[in-house]
Amino acid sequence: MGMGRHQKSGVPARWVLVLCISSFLLGVLVINRLLATSETVDSNGRASSDQATSLHPLVDCQNKASHNYTTEGFSNLKLQLIIMHFMYRTLDKTISSLEVELATARAAARSDGSPAVSKAVADQSKERPRMFFVMGIMTAFSSRKRRDSIRGTWLPKGDELKRLETEKGIIMRFVIGHSSSPGGVLDHTIEAEEEQHKDFFRLNHIEGYHELSSKTQIYFSSAVAKWDADFYIKVDDDVHVNLGMLGSTLASHRSKPRVYIGCMKSGPVLAQKGVKYHEPEYWKFGEEGNKYFRHATGQIYAVSKDLATYISVNRQLLHKYANEDVSLGSWFIGLDVEHIDDRSLCCGTPLDEIWWQIVSGRVKQETLAQHPSTGAAVESANLWIECLKYTNVAEKAKEQSGTPVSKLFDQV
């Protein structure tokens, strides 16, 4: 009886089956929903991770692969920086070159007041021949013997001078202006000498001893307008030069943009009137007894293209002191210029004094070295310029030298 009542109150078997099937289906449905949600979250997570990696590839340190990508990124970035730096330097050089050309064109346009002449000079400046160096030998109307002395020793003549220009890119000219009486005897004499030798560079300048600073300034301006050279040299006509060694010296500084080469000195400022090299503006250099700033001696020095162009462009503003070498040195104060003190450009003992020492027995000739350009006896084998007091000294040197002038240029 008890068993019968229990069976009557229980759940029918078919309902149990229905409940089991329903529970199974509900479980499947719930699991599917959970799996779908998990995949969505994982997908979103991967997307966020990829986005973060693309936005910040250099800060992802989660795994080794990401670390390798970061190292590669640094290498690529470094390469890009190197390329950009090279491009900037190339662009800077191009801009500097254009600035120099623009300054040269401006200088050419200012060289004369008349539009016709300015245009002619400007057109000429566009076709300037490219040269190694231009040497201006400063001379005067009364220095014919000095010029002939130089022509007979280290300055080539005629076709040899032209060959030096075309093959070596070297221009050498005697530099002179005009007399205070244009068209006078002095000017006609120089014109006749020019017709014979073709080795003058005439300036729009009135000659005078107290106008040397102005002459030097005009020389650089005119030379820059006529020739496009790496260096521009000023030398006095009482100096004898070994061109081969000079060329080697300049070539060693060819890559430097702003160089000022010479025998550097810093002499006293002479305030006393009546003495040689008196400085009328001595008060500008401070207390009495002070020295000048460092500058090259006036016998010979060289400046690079940029500095010569600077003089040309700013010549109306540059102050001229009584002494020409001081003036040139003052023009470079405040500029980013490399001063090169080359002691081989310092004048040695004058040759006439050496010959006197030999004759008097004070010095034996065999103990002296031979001057590399003239063959004359000098005190040091390293000395290669001579500042001569008398022009006949060079004639003596010429007689003693057995080397043709043309061979002096084989080493340039």
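Every read-out reported here was derived from the displayed coordinates using simple, explicitly stated rules and does not represent laboratory data. Nothing here was measured: the structure is a model prediction, and the numbers come from that model. Counting neighbours? That spans all protein chains shown, and the Cβs are built from the backbone with ideal geometry, glycine included.
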Q: Enumerate the calculated ³J(HN,Hα) couplings along the range 264-272 in order (Karplus 6.51 cos²θ - 1.76 cosθ + 1.60, θ = phi - 60°), each rounded to whole Hz, writing x wherever the residue is Gly or Pro.
A: 6, 8, 8, x, x, 7, 8, 8, 6
(Q) As a quick test, which of the pairs LYS162/LYS234; LYS226/LYS265; LYS78/LYS305; LYS157/LYS320; LYS226/LYS256 have an alpha carbon distance above 24 angstrom in this structure? (A) LYS226/LYS265; LYS78/LYS305; LYS157/LYS320
Q) Could you give the length gained on full extension between CYS20 and VAL185, defined as 0.36 nm per residue of separation minus the Cα-Cα distance, in nm? A) 45.7 nm
Q. Stretched out fully, how many nm does the piece from LEU317 to GLU167 gain, at 0.36 nm a residue minus the Cα gap?
A. 50.3 nm
Q) Taking 0.36 nm per intervening residue step and subtracting the Cα-Cα distance, what contour gain separates GLN196 from ASN290 on full extension? A) 29.0 nm
Q: When you have a sec, figure out the Kirkwood radius of the range 216-291 from all distinct Cα pair distances and drop it here in Å to one decimal?
A: 15.8
(Q) Give me HIS278, HIS240 sorted ascending by neighbouring Cβ count inside 10 Å, so fewest comes first. (A) HIS278, HIS240
Q: Arrange ILE311, ILE31, ILE340 by Cβ neighbour counts within 10 Å, fewest through most, would you?
A: ILE31, ILE340, ILE311
Q.
Along the Cα→Cβ direction, 7 angstrom out, place labels at LYS276 and ASP341. What is the inter-label distance in nm?
A. 2.4
Q) Over the Cα atoms of the range 143-286, how large are the radius of gyration and the largest Cα-Cα distance (Dmax), in Å? A) 17.6, 52
